[in-house]
Every structure is written in C-alpha cells, then in structure tokens.
There are 2 protein chains.
Amino acid sequence: MQPDRLSLTLSAIADPTRRAILMRLMDGEASVKELAAPFEMSIPAICKHLKVLEGAGLISRGRNAQLRPCRLEAQPLRDAVGWIEEFSRFWDTSLNRLDGLLERLQSADPMAKKN
Amino acid sequence: MQPDRLSLTLSAIADPTRRAILMRLMDGEASVKELAAPFEMSIPAICKHLKVLEGAGLISRGRNAQLRPCRLEAQPLRDAVGWIEEFSRFWDTSLNRLDGLLERLQSADPMAKKN
DNA sequence: GCTGTATCTAACCAATCAGTTAGCTAACCG
DNA sequence: CGGTTAGCTAACTGATTGGTTAGATACAGC
C-alpha cells in the first residue's frame, strides 16, 4: 500500500534525528555536511534521512557549486498540524471535558496536567 | 536506542490503520472485535496495533467480562500537537520572511548565506 | 463441568528501516 | 591536468514492522 501523504509526513517527523535536522534548518539553509556535523553517524546515513524528508515534502534542495543546500518547506507539516489539531480539539471538547482539561490547552501549557 | 515519548506518539499515529482506530474511538469505548470489524486484517493484527497505541499512551484498556474495551487518552497527542504547533508557528511567522531574505542573499552572494 | 466467545501469545515470514563501507560523480582549485 | 571536497549510489547487515496461523487463556451461560 503506497502510504498517504499524512502518514508520510508523520513518519518522517517520528524520527528524532530527522526532527533535529528540521530544527537545525529553522536557522536557515544548510549543506549536508553542516547538517551531519552534530551527529555521530555517517554522511550517507544523513543523506538517507534527507531523502525521507524530501520525499515527505518537508525540505527542498538547491544547488550551489558542489553543495546541495537544504531548506524547510512548510506545507506538509501544516497539513499534519491540521489533522492532529482537529483530533485533539475533539478530544478536549467532548471526551475529557470531565476532568477540565480544556482551559489548560487554551492557555498554552500542554505539559501541565496529568490524567 | 529506546525512543523518546514524542517519537513514540508520532510513529504510532503515522499508521493509517491506527489513526482510523483512534478516530473510531472518538465515538466512545469499543471492544477489540468492534475495532477490528472495519478492517480486513485478522484480530491479532489489530491487537498489535492496539499494543502500539497503548505503548504510546494513546489508549488505555479496561476490563469488562471477557471484553477489554479501549478508550482514548489525550495527553501524549497533546504533547505532539504542542511540538508540531510550535514548529509550524515558527514557520508561519518567521520562516516565510526569512525565505525571501535568503533568496536575495543567495543570488547576491552565493556562499555567504548561512545565518 | 462443557461450550462458545473474546482476546492474547508464540512462532514465523516478508518487507522495510537505519545504519555501515566502498566506490562513484561533479565541482572547485592549484 | 591532478588533488580535494561535497554528495550520492550500491551493496550489505541487523533490527523492526506488519502481517499471518495456531494455540493458549479467561470468562459467561448452560
């Protein structure tokens, strides 16, 4: 079964290495070597992660001499946020109303409560 | 490497079958058999998916005679939403501005653009 | 206790994943 | 030109995933 776009996005960001790469890219474009530097794994391993991110549309790649700089692409993650948000909004309104979680969500401290 | 909680949550919801199960559970508790009904796969396969969801803390299980009803748990997903939202919020506010800036820098001075 | 229903475990299998090393291509620089 | 650097592909490996079937377990009702 070829996976749908949402599954692709979510499994791409399910990996901590790939999330770290994305966060690094929030600081701006970076080359493969720069992206690989903080990790202990080999360059080809990073290449594979980049390929996954690119396949999910989360990054795009340029060309600059022998560099292939990576940059963030926002849309797929925005879609994922849409799905999850809708999901959790439903939860907070109908399911967990009993233990009063709603306000806490609205006031932006997602770690504050335990069930 | 034992995966962190966020990775656990995200990879749990990266599977379309598991997302469908979660959405079904928005209608209320359900037994394993009920959850398995819409799918073409075997009951043990569903059990495994449920185990993944339970391991990620996304569902919890009760006991009612020979039934082990499943119900949603909100917290882990809320954490995930928090992470992704923060991420995409950054994108929506600063990345788009940064975009144009980077492009301009790149075309003006091809090696000087890392933050 | 016996039977049927619901669920889980065990063992297995094929496919995918995440990493490696080795070797290749392409671009820059002397 | 030759050497260096950046990045990629290929081939391999071990671990994980997602499914199967067969059999075990727990409980309800008769």
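The values are calculated or read from the model by the stated rules, or taken from the named source; none is laboratory data. In this text the structure is predicted, and so the values were computed from the model without any measurement. Don't worry about glycine lacking a Cβ; one is built from the backbone with ideal geometry, like all the others, and counts go over all protein chains shown. Note: areas computed on protein heavy atoms with side chains; ligands, DNA, RNA excluded. Shrake-Rupley method; radii C 1.70, N 1.55, O 1.52, S 1.80 Å.
Roughly how much accessible area, to the nearest 100 Å², goes out of reach of solvent when B and A pair up, both sides summed, probe 1.4 Å? Present the calculation step by step, with values, prior to reporting the outcome.
On the way: alone 8440 and 8350 Å², together 12780 Å².
Separately minus together, B and A give about 4000 Å² buried.
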**OP:** Could you let me know the centre-to-centre spacing of the range A:1-22 and the range B:39-75, using Cα atoms, in angstrom?
**Re:** 23
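Only Lys, Arg, Asp and Glu count, each charged at its Cβ (+1, +1, -1, -1), so figure out the dipole size of the range B:5-73 about its Cα centre, rounded to 20 debye.
That gives a dipole near 200 debye.
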**OP:** Distances from A:Ser60 to the same position in the other copies: list them in nm, one decimal, shortest first, using label points 7 Å from Cα along Cα→Cβ.
**Re:** 4.6
Original post:
When only Cα pairs under 8 Å and 6 or more residues apart are kept, what is the percent relative contact order across the range B:5-73?
Top reply: 37
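Once you average over the residues of A:4-12, how many Cβ atoms of partner chains fall within 10 Å of each Cβ? Could the numbers behind the result be given before it?
On the way: counts 2, 0, 4, 7, 1, 3, 11, 5, 2.
What the average comes to for A:4-12 is 4.
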Subject >> A:Ala20 versus B:Glu29: modelled label distance in nm, points set 7 Å from Cα along the beta carbon direction >> reply: 4.2
Original post:
Which length gain, in nm to one decimal place, applies between B:Asp4 and B:Arg63 when the Cα-Cα distance is subtracted from 0.36 nm times their residue separation?
Top reply: 18.4 nm
**OP:** Starting from a label point 7 Å past Cα on the Cβ side, list the distances from A:Pro16 to the same position in the other copies, nm, shortest first.
**Re:** 3.0
**OP:** Between the chain alone and the structure with every protein chain in place, find the residues of the range A:71-87 that drop at least 30 Å² of accessible area; heavy atoms, 1.4 Å probe.
**Re:** A:Arg71, A:Leu72, A:Ala74, A:Leu77, A:Arg78, A:Val81, A:Trp83, A:Ile84, A:Glu85, A:Phe87
